[in-house]
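None of the figures in this text is laboratory data; all of them are computed from the coordinates on show. Remember, predicted model here, so these are calculated numbers, not experimental data. With ideal geometry, Cβ positions are generated from the backbone for all residues, glycine too; neighbour counts draw on all protein chains shown.
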Amino acid sequence: MENTSQVPVTVLTGFLGAGKTTLLNRILTEQHGRKYAVIVNEFGEQGIDNDLVVDADEEVFEMNNGCICCTVRGDLIRILSGLMKRADKLDAIIVETTGLADPAPVAQTFFVDQDVADRTKLDAIVTVADAVHLSSQLVDHHEAEEQIAFADVILLNKVELVEDNDIVKVNDRIRKINPFAKIIKTTRCDAPLDEIVGLNAFSLDRVLDIEPDFLESDHDHEHDDDVTSLSFVSDTPLDMDKFQDWFGNLLRTKGQDILRSKGILNFKGEEERYVFQGVHMLMDASPMGPWPKGKDRSSRVVFIGRDLDNMNLKEGFENCKSA
Amino acid sequence: MNADLEKLQESNKTELERRGSIFNIGAPATEAVTIRDQIAVGFGDGTVRFFQSGSDPKTVKAHKGVVLSMTNYEDHVLTGGDDGRFLKISSDGNIDEIFNFGSKWVDCVASHKDTKVCSSGKTVYIWTKNKDKPQTLEHQSTVAGLAFDNKGKRLAVSRYGGVTVWKLNNNKWTASNFTWKGSHGTVTFSPDTKYIVTAMQENQIHGWRINDKADLAMRGYPSKIKSFTWVGDTPYLVTSGSSDAVCWPFDGKEGPMGRKPIVVANGGKELATFVKALNGEKAVFTGFTDGSVLLAEIDESKKPIMIRSSTGSEVSTIAISSDNSQILIGDLKGSILLSSLWADN
């Protein structure tokens, strides 16, 4: 359910030196007429001083509910609850994470904690990537890969320092990991703020924006622990029971390796489109209105994760087709 | 407004609302404490206001942002804010800054006699009489709750993974750890100091019997428990978080172990958000998500009394004056009802 009083939260990731602080300073100092609170981490780069900057400890907590994926940011629950008591309404909250942090616990906090979910909503995960160093960081640090994989928006920053054909290469590398993120090429993070904050990227109807062009199933990679993406399209309607069995079981057993999942589904006998979007084992799903007239009713699903080849995803998806 | 509608609204008011005063502050009421015949309330706009029957509240501009925590201290209140300041405030508006933590929030405060305590991040700071420099106690994660026992000899500090109970001996604090997986928030000692109980970031409260560290897991709530209060001589620990006030008995050797709680003050589809004992009685005020407040005896056969009707905004605090004559009810929209508890004779 869409609740207009929920404050949108943007999660900002990226390696040290990629330009996160430049972006945060822009958000805090530009005359945009909006009120943004920024939650920074204790190991952050210096140079931000503002009443609306909050220091956080990045305390990642395991929930007691038995789900091994349910790590959340306990400090974030506390800080968001404090910010919600303010008399003046915030237009948005930006959560900075350290360069080496796994973005999953931050995202999961918005799925798992009821108080947080009632008052705020995850707007988008924005990753600032250094065009000069991203390729080597992807080789050396699996965190860099995860930050690209989780992102809804990627600021490919410092493009002025890189030759054009190298930009194409790094762009392709990003696309292999994450086919649906929006990539914005920037110098000093100079993207318009309305392309970064207030996007509603986690809204289920945004799943409908998945571009069919990105959905090519070819992928080749060198290591088994690389983050890759796989996608499938079907023009045959799916069987709802079969899909729920397969997908539920998949997230339960392989959710740790599936970083993000998104899809639009055409179920046999259903007039409405179904959409879903997930982070690890947690996901949101709901009907999203009738199919547009004159357009193909095709089901599309995307997975981003590790070891996707060993999950029999293609076979599993094919088996969901209605007879 | 037309006259009929006005009449209808008037007739739907409770007796307490009719004889009380309503103040619209416009910022969420975060905390309330009683100092003699006054009730101090902290708000989301950084003000602390002192309410007293028969006069307008006195406003003190204390913090820049939110008053996150508050307790009483002699004739003053101690407050912690999201502006990093730990303050001592008198009802005539005198502000004494005890410490400024800069961009770190002051999440929790506590006091016992002349000892002032606050937490910021993972550290607890303790100021004792006539000492300028605080003693510090370190913890493995951010402190989310502070409570003294009734003698001021032990200080419970809740955090991720459990509670650290610090004991004061010869001016030295020694730690004892009570462990339970998960994130622990508000903490309290039972009045006989045999138990400690925390509200968790999950839908449960957790307790320990202090002498043998036996665990008491109190589960089954549909939402988080934001408030609890000790009621009566048994005593009962009454909690929010459900459609009723859930009352756990802490008498006998085993306390609530293996026993079912009593449930009173049913709010229908509304969830209880704040509970407050009526001093000296086996009765509790329960505030709900819609702003309504019920007064109920801890007795399932008795009917609760509606003392505040729905305001549309969640009850965030309730305080009773020390002589049991006045009640103050605050909500998240910043509406304050101050009323006498008893009809004039």
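Rounding to the nearest 10 and keeping the result within 0 to 90°, find how far the Cα-based axis of helix A:240-254 lies from the longest principal axis of chain A.
Tilt of helix A:240-254: around 50 degrees.
With point charges of +1 on the Cβ of Lys and Arg and -1 on the Cβ of Asp and Glu, referenced to the Cα centre of the protein assembly as shown, which listed residue (B:123, B:185, B:245) lies farthest in the positive direction of the dipole?
Highest projection toward the positive end goes to B:245.
Could you please state, rounded to a whole Å, how far the C-alpha centre of the range A:145-199 is from the C-alpha centre of the range B:51-73?
Distance between centres, Cα-based: 48 Å.
When only C-alpha pairs under 8 Å and at least 6 residues apart count, what is the relative contact order of chain B, in percent? All intermediate terms of the calculation are to be shown ahead of the outcome.
Numbers: 949 pairs, mean separation 46.6, N = 345.
Relative contact order, chain B: 14 percent.
Go through the range B:180-185 residue by residue and turn each phi into a ³J(HN,Hα) via Karplus (6.51, -1.76, 1.60, θ = phi - 60°); whole Hz please, and just put x for glycine and proline.
7, 4, x, 9, 9, x
Using only alpha carbon pairs under 8 Å that are at least six residues apart, calculate the relative contact order of chain A and give it in whole percent. Mind showing how you got there, number by number?
Details: 625 pairs, mean separation 54.1, N = 323.
The normalised contact order for chain A reaches 17 percent.
Measure up A:85/B:13; A:89/B:226; A:176/B:224; B:61/B:104; A:89/B:133 against 31 Å on the Cα-Cα distance and list the ones that go over. Display every interim value, and only then the final one.
Values: A:85/B:13 28 Å; A:89/B:226 22 Å; A:176/B:224 41 Å; B:61/B:104 20 Å; A:89/B:133 37 Å.
Violating the 31 Å limit, Cα to Cα: A:176/B:224; A:89/B:133.
Tell me which lysines have Cα within less than 20 Å of residue A:268's Cα, excluding those fewer than 8 residues away on the same chain?
Excluding near neighbours in sequence, the set is A:242, A:293, A:295, A:314, A:321.
With a cap of 13 neighbouring Cβ atoms within 10 Å, and only residues DSSP puts in a loop, list the trypsin sites (Lys or Arg not before Pro) found in the range A:89-130. Let's see the in-between values first.
On the way: sites: A:89, A:119, A:121; in loops: A:89.
Taking the range A:89-130 and a limit of 13 other Cβ atoms within 10 Å, the loop trypsin sites (Lys or Arg not before Pro) found are A:89.
Taking a ≥ b ≥ c as the square roots of the eigenvalues of the Cα gyration tensor of chain B, is the shape rounded (a/c under 1.5), prolate (a/b larger than b/c) or oblate? Present the calculation step by step, with values, prior to reporting the outcome.
Details: a/c = 1.88, a/b = 1.22, b/c = 1.55.
Because a/c hits 1.5 or more and a/b fails to exceed b/c, chain B counts as oblate.
Would you pull out the residues with amide H under 5 Å of residue B:243's amide H, same chain only if 5 or more places away, H placed 1.01 Å from N?
Correct list: B:272.
Given a 10 angstrom Cα cut-off, can you work out which residue in B:80, B:93, B:42 is the most mobile in a GNM of chain B?
Checking each option, the largest mean-square fluctuation is seen for B:93.
5 Å is the cut-off here: which amide hydrogens, built 1.01 Å from N in the peptide plane, fall below it relative to residue A:185, excluding neighbours closer than 5 in sequence?
For residue A:185, the qualifying residues are A:156.
Per residue of the range B:251-263, what does 6.51 cos²θ - 1.76 cosθ + 1.60 with θ = phi - 60° give for ³J(HN,Hα)? Whole Hz please, x for Gly and Pro, Karplus curve as stated.
9, x, 6, 9, x, x, 4, x, 10, 8, x, 8, 10
Spin-label point model (7 Å from Cα, Cβ direction): what's the residue A:241 to residue B:90 distance in nm?
The answer from the label model is 7.7 nm.
Suppose every Lys and Arg Cβ carries +1 and every Asp and Glu Cβ carries -1, with no other charges. What dipole size does the protein assembly as shown come out with about its Cα centre, to the nearest 20 debye? If you can, show how the numbers build up before the last one.
Working: 75 positive and 98 negative charges, 506 e Å.
That gives the protein assembly as shown a dipole magnitude of about 2440 debye.
Comparing A:168, A:95, A:54, which has the greatest mean-square fluctuation in the GNM of chain A with Cα pairs linked when under 10 Å apart?
Residue with maximal mean-square fluctuation among A:168, A:95, A:54: A:168.
For residue B:64 and residue A:30, what is the calculated FRET efficiency with R₀ set at 22 Å and r taken between the beta-carbons, to the nearest 0.05? Don't jump to the answer; show the numbers that get you there.
Details: r = 22 Å, r/R0 = 1.00.
The computed FRET efficiency comes out at 0.50.
Could you work out the Kirkwood radius for the protein assembly as shown, taking every pair of different alpha carbons, averaging 1/r and inverting it, reported in Å? Walk me through the numbers on the way to the answer.
Working: mean 1/r = 0.0368 Å⁻¹.
It works out to 27.1 Å.
Using the alpha-carbon centroid of each, what span in Å lies between the range A:289-314 and the range B:310-345?
55
Out of A:114, A:250, A:153, whose Cα points farthest toward the positive end of the dipole of chain A (charges: +1 Lys, Arg; -1 Asp, Glu; placed on Cβ)?
Of the listed residues, the answer is A:114.
Please report A:297, B:49 as a ranked list, fewest other C-beta atoms within 10 angstrom at the top and most at the bottom.
Numbers: A:297 16, B:49 23.
Final ranking by Cβ density, sparse to dense: A:297, B:49.
Residue farthest toward the positive end of the dipole of the protein assembly as shown, with Cβ of Lys/Arg at +1 and Asp/Glu at -1: which of B:306, B:46, B:169?
B:169
Using a cut-off of 15 Å between beta-carbons, work out the net charge of the residues near residue B:132 (Lys and Arg +1, Asp and Glu -1, residue B:132 not included).
Values: positive: B:88, B:116, B:129, B:131, B:133; negative: B:96, B:97, B:114.
Its environment carries a net charge of +2.
Which value in nm describes the separation of the simple spin-label points at residue B:140 and residue A:256, placed 7 Å from the Cα toward the beta carbon?
Computed distance between label sites residue B:140 and residue A:256 equals 2.1 nm.
Please give the charge dipole size of the range B:115-218, origin at the Cα centre, charges +1 on K and R Cβ atoms and -1 on D and E Cβ atoms. Round to the nearest 20 debye. Numbers along the way, then the final one.
On the way: 15 positive and 7 negative charges, 90 e Å.
About 440 debye.
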